[in-house]
Structures are given as C-alpha cells and as structure tokens.
Amino acid sequence: MDPRQRPVLHRRLGAMRAMAWGLVALLVLVYAWLQLVRHGEYQQIALNQAVKVRPLAAPRGLVLDRNGHRLVDNRRALHLVIQREDLPTKPEVVAALAEALGLDPLALARKVQSYRQAGKGRPLVLQENLDESGIALAERVRARFPFLGVEVAPRRVYLGDELAGHAMGYVGEVDEELMKARPGAFHLGEIIGKEGFEAAGNDRLKGIDGQKRILVDQLGTEVANFGQIDAAPGRSLYLTLDAGLQKVAQEAMGEEAGAVVVLDLRDGGVLALYSSPSYDPNLFLNRLSQDMVDRYLANSRTKPMLNRATQGVYAPGSTFKLLVGLAALEKGVVTPQTQVYCAGRKNFYGRDFRCDKPTGHGSLSMVQAIAQSCDVYFYELASRMDVDDIHATAEKYGLTERTGIDLPQEKRTRIPSRAWKKKAVPRDPKWYAGETISVGIGQGAVGVTPIGLARFYALLATRGKLITPHLFLGLRDDETSQLIPAPAPPVRDTPLDPAIWAVLDEGLYEVVRGGTAAASALKEITMVGKTGTAQVATFVDRAHYARQAKALKDHALFAGYAPREKPQIAFAVVVENAGFGASSAAPIAKKLVQYWFLDRPVRPLPPPRGKLVDPFAPPPEAPE
Amino acid sequence: MKERFRALDPRLLWVVLALIGLGTLTLFSAGRNTPQSGIWLKQSLWNLMGLGIMAALAGADPRRFFRKGFPAYLVGLLALLAVLVVGRRIGGSTRWFVVLGQTFQPSELMKWVTLLYVSQRLGSRPPDQVTRLDLLGAVGLVVFPMLLIQRQPDLGMALSFLPILLLIPLMKGVRARWIAALVVFVLLGGAAAWNFALKPYQKQRVMIFLDPSSDLQGKGYQVNQSRIAIGSGGLIGKGFTSGSQTQLNFLPVKTTDFAFSVWAEERGFFGVLIALALFGLLLDRILAAARAALSATEAYFCAGAAGIFALHLLVNVGMVAGALPNKGMVLPFFSAGGSSTLSFFLALGIIMGIQHRARLK
C-alpha cells in the first residue's frame, strides 16, 4: 500500500468504527425505549391477547308435561361467533364480513357497535346452529376473518313441533327495547324466553352463565385452562299440560282457526291450551332468519302468532246466557219458574230482535231457555235489567279480570258498562237501552277470551270457586327426576247461591241431553255445556248469508264441564267462522272429554319432525 | 491443519461462536411445537459447514481470491440471469435454485463476489490515480446486479449491496457538497416517487410503517406483534422457551425475519444488550482487520464487509422493533437459512485470511 495512503485510510476506518458503535448504541436506545419505558403497556397487550375470559353458556331447564314427556329438549349446537375482545373495529372489515356471510351490513355494523360498547359477556352470534355446510362455510370465511370463532352452546329443540307452540313460546336473543325497558335485568346477547311459557317462566328456566380463563394461541385455540366457574343450568320443570290431550285438541281443530282450553278443576291447572293455527317454535331459533319469519307471520291473515286462547277476544254468543241468567236470578227479576213466551221475535224500544228459531219456542222457563238457547227469553231478561247489573255480576264472579294465567300478554275479557262506554266510545258516550238487549245474548260489545270463558264455566262446575288457570306444575328434582309440586295459585270463593247454581247446572245438562248439543252427548260420561254462535256480521236474508264467504260466517263456541256428577275438567272451544256452535265446537269438546275420561292413558308424544343435526354424533361405523 | 486453526483470529472467532450460540438457542425456542421444531439442528449443520469454510479460507492467501474477482463476478451475473429463467418461484418471487432438494439463493453469494471485485478494482491503484470514470464504473458494477435482483423481486437483498458504495468515500474522503447533493436527491426523489411512482399499496406500506397499529389485521400485524413481543420482554425477559408471543404463534415468521424478536422477548433487555454488544465487537474486529490489512484492496474488502454486516444489523434489528420499514433482511447468526449463513462465513473466512497474512508479516 502507498505509505501516504495508510494514515488517511486509518483515520477514515476510525470514523467507521465510531459509526459502528454509534449504530449499536442507537439500537440499544430503541430497545431500551420498547423494553424499559413502554414495557408495561406491551406486557398488558401480550397478556390480553393470550389470556381470554370466555363465557360458558348455561343450558336452560327442560320443560316436561305433567306425565314427564319432554316438550323442550336441549341439544348441542355450533354457532359462528365473534368473541367480545375480537370484535373488528374497521367498518370495511365489518362490511366485507357481512357480504361474505350474506348478512345485512347495516344491521351487523350496528350490532358490532353495541357489543363493543357493552364490555364483557356472551359473544356476538353471527350464525346459529351450523349444519355441515354451515361449518364448511365458516371454515372458509375464517381464513379471511381470523377473529371469527365457533362456539359450542346448547340450543332448544321443541318436540312435537306445532303441538304446543303458543303454550311453550320460544327463546331468542334479548332485544334492545326490552333492555332499555328493564335496565340491568339482562345482558346483551342473553338468550331469554320471548313468548309463551318460555317467557313467563324465564327466571326459573334460565341458568347462570359460567366463565373460564384460558390461554389461547394466535388461532384462538385453547392451549391451557387457568380455571373456570361452571355454568349453573336452569331448573327443569313440569307443566300442567297433558301432551296427549293437547294432541287431541290439535287434531280436533285440524285446519280450523280457533282455540281450545281445558282446565283441571282441582287446582286450575291447564290440561290443554291450543291456539290454531299453531306455529313451530323451532322456526324461531335461528336468530338471523327471525326478521324474515316475523314479517311473514305478521302479514299472514290467519295471524298464527296470536295466542287465541289468551289473546283472542270473541263475542261469546249464547255461552254468555248463563251469566245473564245468573244476574237475573240474583237480582230477582225472574224466578226459575218464570215463563217467557217466544214468538220467534220480539220488539224492544221500537226495534225487532230475532230469535234463532223463526217459528218461536213458545213458553219457556229458564232451564228450557238455556237448553233451547232461546234468544227472546234472554232479551226479556236483559230488558228487565240495566247493563251495569250484568257488569256487576260479571265482576263479582271474576269474568271482568284477567285470569292470571302464567303466559305473557293475556287479554282482558270485555263486559260493557256505562262507565266503559264513556271511556271507550267518546264520540257517543251514552248507553242505549237497546244495547243491553244485545248484551243479553252475548253479542254487541261483549268479548271474552277462551281462557276467561273456560274459567267462568269452571266456576259453575265448582259451584262458585274461582280458580287461577296456570301452566306451572312444579320443579323437577334434578337427581331423581321427580316432580316437586309447587303450591297451586289461590282459589277464591264466590257467594254463588246453591239454588241458583242448581238451575244453571240443570240447564247445561239439558243442552246436551236433548237441547242444541244433543248430538255430542256421550253415553259413558255426562258432559254438560252451552253452545254459542257469535255473529260476525248481520244479514237480513238467511239465504244470502249462507252463500257468503267463510270469513263472514259465525264463530262457533262451546263451553262446559264434565262429568256432571263430580266435575273434574272445564273447557272452552272456539272455532272461527265455522257456523253453528252445536255442529263444529261441541264435537271437539266431545273428543276432549272422550279422550280424558275414556281413552287415556296417554298416547306417546310424536317424535320431532325432520332430522336434527348433532355435530358431535359419532361417525357411522365403517363396515368391516 | 494446525496451521489452519492458527490462522483464525481468536478474538473474532469467540465473538462468532458466541453469536452462533445465541442464534441456536433462539431457533430452538422459535421452532418448539411447530412443524419446524428441528430447524435449530438443520441450522447447526449449516453453521458447522460455514465454520469449516471459514477455517479453510482463513489459511489461504486472500490475494488468490482477489485475482479471481473478475471471472467470479461474471459467473455471478450469469447465475442471477439464470435464476430469473429457471429459478424456483416461491411466494411470488423467483430467487432460488433447487439443487438436491436444497434451495440455494445466488444473490447471497453475489453480494460478496461484487464486493470482492469492486475492492480489487479500486484498490489496485493509488487513490489519486482513480478517475471519476473508474468511480462511475464501480457504481455500475454494484448497481447492475442490484437491478437483476430487483427483477426477482427482492428489494431487501438489492439494498444490501449498497454498503459496497461506502468504498468510494473511504478512498476519496467525504465532501460537504456530496452530502448536500445526496440530501437534495433523496428529498426530491422521495417527493417525486410519492406523487408519481408509488402504487397505492406501496404508499399504504409506508403509512403502516409510520403507524403500525393502524392496520392490525393486515400488513402491520407482523411488526405490531413483534413490537409487543419485544416490549413485553422487559428487562430480564420471560425466560427461555417461555415467551407467550413466540410460543403461542402470535409472532410471525419467527425463525427467519423475526428471530431477534424471539430473543428479545425471552431474554429481555439484558439479552438484547449482550447480542448487540457481540455484534458491535464483530464490526469492531472486522474493521480492525481492515486497519491491519497489507493492501488497499484487502482493507476495502474488510470495510465493505463491515458495512454489509452493519446494514443487516440495522435493518433487521430496527425493523423487528418497528423503527425501520419491513424490508426482509436477515440477521446474521440468528435467521435460519443456508445460503446466507454460508455466505457470511465465507466473507469472515476471507477477512480472517487478510488478518492472518498481516500478522505473519
């Protein structure tokens, strides 16, 4: 090397050496910043992404009928979820996810937002009850959206499909309105009963969610469990329903719209409660299809979501005559022996009121009037009383209040009064005497629910005991599966005069023995009851009426109890637009009584419709 | 044989052995419970082969290699051209030959061949006789293989050729107006690139570099997880094979690009200090060899090698900490890989040979 070059080169190499150590010093500073100054922050992040608290969904209690048949079962199901900590923050990621899964992007974005604000708890469920193709889709989508997870959780299966749709109701995720209405009562994403007994018995059926602290790897797979609090399952319970009787009610109603209620006179237990058309609660379990189902069902003219047994308000027609007769006898405007002449029609306040039999019934006492369902007799009774007298009697015997059945949103039976009209019809608040005449035969403003009507006939059957219809029979002992009976709701005594009762009971007996429902009499059991035919529209010309569309036909009713000697059950049957009560409602009641007293023990519950997907089922064994 | 070992510079050898030790521990931990659990053994084989090559070269006269600089450079260029035609395409770029089931990356070796040839050209004459045209030619010799490598594409590798250009200021000194010109060029070029040349995804990459947490699910994910690993390691680390980021796979590509994060997480700031001190000593020893070198050519080679090692250190260790953009440059002795390991040992062998020759005199 050129001797002059060496010192220069050495100087420059010295500079490089300084730069090399400078570089090392710079990197030391960078790492000191990350590892010493910001250590706590990064340690927290590392901990948060590796240690997760996962909720363990508590299974809801089972629901059994009074004989221990399962009405609702739990199966394991897979849900596609996003855990709370993993919720995506970027709008475009949410939008892409919605597109990949075929969801409404706006709804999903709103949901993600509310879950993020709510803190810890159940994961956001994107798709429920994944089947084989759903699992395959979930795996594909997970490749693009690593924050998705698959959760194992119990799901409801309603056995018998439509058998007890309205009585059972269904479950679903708690909605925003309910959370706003009862702050603190529910957690976001909680599964609660939405309708029917699932809603009414929610507090008993729901369990307490557990949780576990786990170590997860980058894919969200559980690597270690640091400990968990097990979920406490909800209590299983028995209902008063009898699945066999319920099945009879379902089959008897067939395609007709209407309702059937059967009450156990011992304690007020509901043996059957069927609203037709029914619905299959299993349809409501898939959260994301619910909007669609709701819309479809809400628009349907047959209103399958309406529980006609507790929410349908029908003109009671002639079944109401028992209350009018009771009011008249108590008030003393007639005696049981008082004869009223029926000429087929009668003029009150300048208007002709017709009887069902145009040729007239002739002279009748009360028992005969009930048996023949003579309208003129009860017009006459009504004309001798004020509407407030009828209302007061209805109130005295509990017909104006809700029955108190343990189902949500029960409608109140409507018995008109002067005060009621002032409130309900402010345009025309005055009560006209002619309106009282219509009330006398259960028309006009009178409206009863089938459950209310059944309760009134239960009152007649028990000679004045006012029972509280209920579905809850008792809890199940989880070890022995035995029923722990719950005390029945209170029974109230009413001052029903035995002499008056005997007249009414005699009248009901005559109805089936030789009156309007004679065709529905049973040889072995004395069933008693009253037919009713409630007009939907009024027509002058009967022939014209007969040609009208089915929607304008009368509602048929039948209410009563059996057996007469020592009543055990009371019932009410309503068949919409079916014509005369004697020909369509009474035969249904006959089938119920026939089954309950003659054809039991119970036929087995039908198996659930369709194949249930159990992703944990062992694979079919390969042939050797 | 004894002669061979005497040729090894003991102080440089201890540093290299220590770094190999740290790297092997790191790969053992990074590969645990993954399909790559044997990678530390495989890398140890490469290291042993590398040590053998280093020992062999250290005992040889380095002037023999410099004399072969030109043909080696030509062969290297041909290899770079060939790899574009018949190379194996992996992950969107064509960088590898496949020989006997092993992948071989010619660009790793070409880096050192280029340094060898450029050192020889510039060092063969006194500095005052080197013309501007010669300097321009040297720049061309460096830039041409860079362009071929960028065709693969492999920007990180291409950039690792740049330290060879350090030889020019080393020989000619640094003038203020060069620095000024460089600053102006970088600013104007950067502005022009941002406005006209860069594609949206490239701009996005720059944005992510400036704020890695802005895209946690996408490109910034890797660097962000690496920062979490390093930061959560703290002063003393989480312990060997106990880093949650590493063992639970939150840390990506942990046996190559992000191997240093594994070390930083499990051994903490103390471990980082030890590793960086060893790298500092490595650079120090290489520059000491440059100082001792008998000829300008040999001094240039050592200085250029120090530059290349320093750039790898800066870019990799800086990148995993999120302080520099993710350019995919490996860290010597930590990142697993055959071609790069053998190439680094080859350079170290020549450096030791240079020092040995100087010591003999």
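Here the mean projected area of the convex hull built on the C-alpha positions of segment B:34-118 is 7.2 nm².
Where does chain A land at 222 nm, in deg cm²/dmol rounded to the nearest 500, when only DSSP H runs of n ≥ 4 count, each adding -39500 (n - 2.57), divided by all residues?
Values: 22 runs with 221 residues, N = 624.
It lands at -10500 deg cm²/dmol.
Relative to the globular-protein estimate of 2.2 N^0.38 Å, the Cα radius of gyration of the protein assembly as shown stands at 1.53. The trypsin sites (Lys or Arg not before Pro) of segment A:371-449 that meet both conditions, a loop assignment by DSSP and at most 13 other Cβ atoms within 10 Å of the site Cβ, are A:Arg427, A:Lys430.
The shape of chain B can be summarised by an equivalent ellipsoid whose semi-axes, obtained from the alpha carbon gyration tensor, come to 32, 27, 20 Å from longest to shortest.
So which GluC sites (Glu not before Pro) in segment A:155-264 pass both tests, a DSSP loop state and at most 13 other Cβ atoms within 10 Å of the Cβ?
Answer by residue number: A:Glu255.
The value of relative contact order for chain A, using C-alpha pairs under 8 Å at least six residues apart, is 15 percent. Just to confirm the number: angle between the C-alpha axis of helix A:39-50 and the first principal axis of chain A, 0 to 90 degrees, nearest 10? In chain A, helix A:39-50 runs at an angle near 50 degrees to the longest axis.
The relative contact order of segment B:227-361, computed from alpha carbon pairs under 8 Å that lie at least 6 residues apart in sequence, is 26 percent. Length gained on full extension, A:Ala232 to A:Arg513: 95.6 nm, using 0.36 nm per residue less the C-alpha separation.
In the distance distribution for segment A:1-60, Cα-Cα pairs more than 16 Å apart total 70 percent. Straight-line cross-link partners of B:Lys68 among the lysines, defined as a Cα under 17 Å from its Cα and at least 8 positions apart when in the same chain: B:Lys111. Which of the pairs A:Lys247/A:Lys396; A:Lys247/A:Lys566; A:Lys321/A:Lys346; A:Lys423/A:Lys553; A:Lys321/A:Lys411 have their Cα atoms more than 27 Å apart in this structure? Over 27 Å Cα-Cα: A:Lys247/A:Lys396; A:Lys423/A:Lys553.
Relative to the Cα centre, what is the charge dipole magnitude of segment A:382-430, using +1 at the beta carbon of each Lys and Arg, -1 at the beta carbon of each Asp and Glu, and rounding to the nearest 20 debye?
Dipole size: approximately 320 debye.
To make sure I understand, if each residue's beta carbon is the centre and we count other beta carbons within 10 Å, what order do A:Ile525, B:Ile179 fall in, fewest to most? Present the calculation step by step, with values, prior to reporting the outcome.
Numbers: A:Ile525 17, B:Ile179 11.
By the 10 Å Cβ count, ascending: B:Ile179, A:Ile525.
Principal axis extents of the C-alpha atoms in segment A:328-429 (largest first, rounded to whole Å): 46, 34, 25. As a ratio to 2.2 N^0.38 Å, the alpha-carbon radius of gyration computed for segment B:287-350 takes the value 1.26.
In summary, the lysines within cross-link reach of B:Lys254, defined as a Cα separation below 24 angstrom excluding same-chain residues under 8 places away, comprise A:Lys52, B:Lys42, B:Lys219, B:Lys238, B:Lys327. Seen from A:Trp33, the other residues with C-beta closer than 12 Å to its C-beta sum to a net charge of +1, counting Lys and Arg as +1 and Asp and Glu as -1. Shape summary: segment A:129-204 maps onto an equivalent ellipsoid whose semi-axes, from the alpha-carbon gyration tensor, are 29, 20, 9 Å in decreasing order. Report, in degrees rounded to the nearest 10, the 0 to 90 angle that the Cα long axis of helix A:290-299 makes with the longest principal axis of chain A. Roughly 20 degrees, rounded to the nearest 10. Structural size metrics of segment A:213-266, computed from C-alpha coordinates, are Rg and Dmax of 24.1, 63 Å.
Rg/Rh for segment B:224-333 stands at 1.08; both radii use Cα atoms, and Rh follows the Kirkwood definition.
No lab work stands behind these numbers, since they all come straight from the coordinates. Treat the numbers as computed from the prediction; the structure is a model and nothing was measured. As a convention, Cβ positions derive from the backbone with ideal geometry for all residues, glycine included, and neighbour counts pool all protein chains shown.
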